[in-house]
Amino acid sequence: MLETTDLTIRFGGHVAVNAVSCSFAPGTLTAIVGPNGAGKTTYFNLISGQLQASAGEVVLNGANLTGLAPSARTRAGLGRAFQLTNLFPYLSVLENVRLAVQAAQPGKHLRGLNLWSIWSDHKGLTDKALAILEDVALLDKQTLPVTSLPHGDKRKLEVALLMALDPAVYMFDEPTAGMSADEAPVILNLIRALKKDKTKTILLVEHKMDVVRELADRIIVLHNGCLVADGDPTEVIASAVVQEAYLGVAAA
């Protein structure tokens with residue numbers, strides 16, 4: 001269970017996220033929607049640690065993560081994909097995923113691998129990385145440097161890194177942003193596959209309402225930094241507050 005309690009951040013006199021309390025259960029995909037500037041990505045940043053809260057708490061499975069750095073929150077089980085890709089640009093596709101597989105091994109973040117060993121000797125790590133690349137349709141590009149990839153493939157690679165870390169919570173911030181109509185289904189299919197694991201919690205920030213309708217088990221709506229709606233997707237999308245705040249349609 002991931003929980004935020006009265007989570008708040010102020011930038012001077014502006015309250016970007018205002019006392020948002022919400023819990024997210026395993027086996028559920030929650031879509032976080034709202035108009036531009038509503039605080040969706042800021043809320044994500046507070047959960048994952050890119051921003052430190054002015055007030056409130058983030059708790060995962062009973063552990064208070066509020067004061068921890070992003071790396072410590074990742075080790076605790078939070079996996080975050082960004083609107084802009086966040087990869088090792090000059091390493092190969094395979095090396096990016098293999099490093100993530102290594103990081104997920106118990107204690108590897110503390111001691112690393114033997115510096116005198118050869119990567120190819122670590123067959124288990126490589127095999128797992130290759131299996132993940134096959135899942136994200138990048139196996140044929142494993143030797144390419146990340147800088148040579150088109151934007152859509154970089155998005156797929158970032159999902160591959162998340163899968164390698166095997167977090168308890170997957171956080172996707174507009175995962176199909178900038179992708180073509182041909183590329184986006186690969187990412188959406190990956191999220192559908194992740195949903196089948198009922199031990200995982202998935203949070204999704206997404207502007208495309210057709211994607212939200214198809215994938216979400218639940219929708220929460222942020223507006224001016226406040227939580228204004230929470231519930232079943234059909235009911236939330238049809239509510240007056242969402243029609244007005246998110247879709248720009250005046251309430252009847």
*Over all distinct Cα pairs, what is the inverse of the mean 1/r for the stretch 33-79, reported as the Kirkwood hydrodynamic radius in Å?*
11.1 Å
_Over 5 Å intervals from 0, what percent of Cα-Cα pairs in the stretch 1-94 sits in each interval?_
3, 12, 22, 24, 19, 10, 6, 3, 1, 0
*Label points 7 Å out from Cα along the Cβ direction at Asp166 and Asn36: separation in nm?*
4.1 nm
_Positive-pole candidate from Ile202, Ala25, Tyr90, dipole of the chain, charges at beta carbon_ = Tyr90
*For the chain, what is the charge dipole size about the Cα centre, in debye to the nearest 20, if Lys and Arg each add +1 at the Cβ and Asp and Glu each add -1 at the Cβ?*
640 debye
*Note down the relative contact order for the stretch 8-110 as a percent, whole number, built from C-alpha pairs under 8 angstrom at least six residues apart.*
18 percent
*Binned Cα-Cα distance frequencies in the stretch 178-230 - 5 Å width, integer %*: 4, 15, 25, 25, 15, 12, 4, 0
*Whole-number percent relative contact order across the stretch 139-225, with pairs defined as alpha carbons under 8 Å at least 6 apart*: 30 percent
*Give, in whole angstrom and from largest to smallest, the semi-axes √(5λ) of the equivalent ellipsoid of the chain, with λ running over the eigenvalues of the Cα gyration tensor.*
33, 21, 15
*Would you check the chain for Lys pairs whose C-alpha atoms are within less than 21 Å, ignoring same-chain pairs closer than 8 in sequence, and give me the count?*
19
*asked:* How high is the relative contact order of the chain? Use alpha-carbon pairs under 8 Å, at least six apart in sequence, and give a whole percent.
replied: 28 percent
*asked:* When only alpha-carbon atoms are used, what values of Rg and Dmax, in angstrom, describe the stretch 51-104?
replied: 14.0, 41
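No lab work stands behind these numbers, since they all come straight from the coordinates. Computed from a predicted model, the values in this text were never measured in an experiment. Backbone-built Cβ (ideal geometry, glycine too); neighbour counts: all protein chains shown.
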